[in-house]
Amino acid sequence: MTTPDHPSPASPPPASAAKDRIYRSPLGLAGGVLLLLVVLWLGFDALFKGHGRTPWLALAGMILIVPLVIAFTLRPAVFASEDRLRVRNPFRVVTLPWGEVASLRSGYSNEVVAASGTKYQLWAVPVSLRARNKAARRQQRAAAGDAAGGAAPAGRGGVLGPSGTGLGGFSLRGPDTGPTRAETDQIMDDLRELLEHRREAESAQGEVTVRWAYEVAAPAVAGAVLLGILLAVG
């Protein structure tokens, strides 16, 4: 008597098959959609209601402006997988295996530095100095609260102790649950952690490749040429 064959459990997918982590700027996406709506509204209004050269100027302007708005707002993205970092900027796509990444820098902009020393800006992960300052103030308040709570004697003191602590040294203020790191700084920390874990992996080796986005540049150049001709002739 034979025993029935039981299907073996599915093996987990390899690391290289895992989905990419995708980072984009929500404010950039929202601003790009609003700009496109305004440009298309004004452009089509002039295209269908204008007279003389106005429709042609509107058409040339839209051909020039729409690709640029898409390039700088909707297009930028960063894709991080187990093997490589792919940076999609306005006019080019840079693919860097983790073995070719020297460092990830944060200053007034976020950059990835290749082993050759070439720097590539991460357009999709912009630096917000306002968010960074708010996170720093949150860190300071949290540190001050911890120090005051540890220094307050248990069960002593008046109704309120130092730094808003109450009886027994318990804080009467609500907890500060906000993040103590700016969102883009946290993204860079995640990318650095991935870099440290994967830079020596065999599948994360290779060459840096750069592909220019002619599908974005060509329409913008055509629109600029057409607009220049119309302005010169008129």
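Some observations on this one:
- Segment 79-133, accessible area per residue, ligands and nucleic acids excluded (1.4 Å, Å²): 43 Å²
- Computed over protein heavy atoms with a 1.4 Å probe, the carbon and sulfur contribution to the accessible area of segment 72-141 reaches 46%.
- Asp20, Asp185, Asp190, ranked by accessible area, largest first (probe 1.4 Å): Asp20, Asp190, Asp185
- Counted charge near Glu82, where neighbours are those whose Cβ lies closer than 14 Å (Asp, Glu -1; Lys, Arg +1): -1
- Packing rank of 109-122, 53-66, where each peptide gets the mean count of other beta carbons within 10 Å, highest leading: 53-66, 109-122
- Calculated FRET value between Val38 and Arg92, using beta carbons and R₀ = 30 Å, to 0.05: 0.65
- For the residues Phe48, Phe91, a 1.4 Å probe over the protein chains yields an accessible-area ranking, largest first, of Phe48, Phe91.
- 5 angstrom amide H check on Gly50, placed H, neighbours 5+ away: none
The values are calculated or read from the model by the stated rules, or taken from the named source; none is laboratory data. Values in this document were obtained by computation on a predicted structure and should not be read as measured data. No Cβ is skipped: glycine too gets one built from the backbone with ideal geometry, and neighbour counts run over all protein chains shown. Quick note on the areas: whole protein, heavy atoms, side chains included, nothing else; ligands and nucleic acids left out. Shrake-Rupley method; radii C 1.70, N 1.55, O 1.52, S 1.80 Å.
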